[in-house]
1. Once both labels are modelled 7 Å past Cα along the beta-carbon direction, what's the Asn486-Asp404 spacing in nm?
2. Just grab the label-to-label distance for Ser588 and Trp573, each label 7 Å out from Cα along the Cβ direction, in nm (one decimal).
3. Considering all alpha-carbon pairs of region 70-274, what whole percent are spaced by more than 30 angstrom?
4. In sequence order, what are the phi-derived ³J(HN,Hα) couplings for region 59-72 according to the Karplus relation 6.51 cos²θ - 1.76 cosθ + 1.60 with θ = phi - 60°, rounded to whole Hz, with x for glycine and proline?
5. DSSP loop (so not H, G, I, E, B), at most 11 other Cβ within 10 Å: list which GluC sites (Glu not before Pro) in region 202-272 pass both filters.
6. Could you name the lysines whose alpha carbon sits less than 16 Å from that of Lys514, not counting residues in the same chain fewer than 8 places away?
7. Roughly how large, in nm² to one decimal, is the mean projection of the convex hull of the alpha-carbon atoms in region 365-470?
8. Between Thr130 and Ser523, what is the spin-label point distance in nm, taking each point 7 Å from the Cα along the Cα→C-beta axis?
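Bear in mind that the values in this text are calculations on the coordinates, not laboratory data. Nothing here was measured: the structure is a model prediction, and the numbers come from that model. All Cβ positions, even for glycine, are placed from backbone atoms using ideal geometry, and neighbour counts span all protein chains on display.
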Amino acid sequence: MSNVLEDQIVTSLTKRHWKFKKNNQRLIQTITEQYDLSSFMATLLSSRNISSNEVNNYINPTLKDNLPNPSIMSDMVKASDRTFEALKKSENIAVLGDYDVDGSTSVAMIVKYFQSLGVSVNFHIPNRFTEGYGPNKEVFKKFSQENVKLIFTVDCGTMSYSEMEFAKEEGLDVIVLDHHQPEAKYPEAFAFINPNRFDDDSQLGYLAAVGVSFMFLISLNRKLRSENWFISNKLEEPNLIAFLDLIALGTICDSVPLKGINRLMVIKGLEVIQKRKNHGLNALIDIAEINQKVSVYDLSFKLGPRINAAGRIGKSNFGVDLLISNDRNKAQKISSELEKFNLERKTIENHVYEMAKQQVNAEMKESKIIVVYDEGWHEGVIGIIASRLKDKYNKPAIVLSVNDGIAKGSGRSVKGIDLGNMIISANQNGILDKGGGHAMAAGMTLNKDKIPELINYLNTKLVHKNDHEDHQLSYLDMKLSASAINIEVFNEVESLGPYGSENPEPIFFIDNVKITSLKKIGSDHLKCLGRSENGKFTECLAFRSVSTSLGEQLYENEGKSVSLIGKIKVNEWGGRKIPQFHIEDIASTIA
């Protein structure tokens, strides 16, 4: 293991630029001696800026030591007090959420919490095609007619100014539980709980909406306990830990930073998922054919997309219906429907993606931000397409669907570029009809004629952004020998997970490896053996690489010695654990 190349930039054979991370050698030595950890582990901790006194809590975190006091969040006490009053008066309560996984898990968790109190609540997930994102006056009117007095909006509501004013006129008290970037003006809700509001000192702005909702339930639970609600009503106190499976799913699928309490909630949430207590998640796990321990990858790429599929084709309530189901047969039926929706979504997605790529290659390749659009693109897949374009071109990407002269879009960003902020700014400058989001994702609506103005505006903003070029660099954790690709090192890597936004999985540089036995597997993956200088062979995989520059370079360099860049993995098959190296890139040898 070596970091002699620290700070050196390596240009790969696919023209990507890789830089070795800086490491604090004194800190590495301190961690190694103080905690009896390997220099490998100490180096990975150093590269994540974990100080020596944080090491134990990072490796073995507990909820008891890390769960923040929810009362530090603005309006939290006010919201808990109002909800307690609603329970005392037996007022009707409703929940409204976004149609994505974060919104669905948030709504499901709140509904299940109230169910555990013996309270039935209405819930509504807007149809993205007929209602659009967030609360609307029609659904508030419907709630009012049903004698609802208290409404929660989750993962939405921050920018719903006129809707909140309407709710107030209707005598509805609305509690907003959101995490999207607000403007200076706040909605006129009864309580506005959003850790990104400017007067919130909680430093929890990285939470997903499901995390914000969990903080609220902790606060409410404490309020009910202090008022002897559970004893007076002969109720068993709800087990909030049981909701961590939903929190892990929503947190991972919303791509929020996996740091602080987020990372801990995902760690503990994965443990809850393995207990298989939620009928809906169990049915989804079975239909996704996940036969091993559920991982972050499974949440992000197998379970999340199936729940999202319902909202993407206009069956918005299906995700919540699944997650709150107490009937195993009903859960299996819903999951089967979601599987059909997901297959339909994939077909639509691949068609639109190919069209979007052609547009990028023809018009947008030199732009600092990708903005592609066309008439009639399916609104349900534009967010996925934006994410795929962002990954392919390593730039922020926005995909717009145009209908009747109005463009509705979804954007995804890269590290270092706050897309949500830029979209809010474009909205304030009159370019958009509406728009908002957070650092890594945003949504917007505008007149088709203003799309060129939006492109120019965003490019201009990025030209003046000092840290813009930083996202064009990819980072390497360290250089390793091929012999380090083994089970023991994999286990050490895994102990620092789960990995995601702002806690990226370590990427290693393996030098002087001869590519042998290269072959195509599946539709577009490549598999090979990497032979090190001492004759050791390592199984290597390059996913979705057949028609890419990486695939071309692997074919061109078969039989030659190269450097491989990638991640250490383990393939569990038939009771055996086989170490693998998942190739991200290929470079010339530098030994």
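1. 6.6 nm
2. Label at Ser588, label at Trp573, 3.5 nm between them.
3. Roughly 15 percent, rounded to a whole number.
4. So the Karplus estimates, Gly and Pro as x, are 7, 10, x, 10, 5, 4, 8, 10, 5, x, 6, x, 5, 6 Hz.
5. On the way: sites: Glu227, Glu236, Glu271; in loops: Glu227, Glu236.
Sites meeting the loop and neighbour criteria: Glu236.
6. Lys527, Lys536, Lys560
7. Details: hull surface 23.5 nm².
Average of the hull's projected areas for region 365-470 equals 5.9 nm².
8. Going from the Thr130 label point to the Ser523 one covers 3.2 nm.
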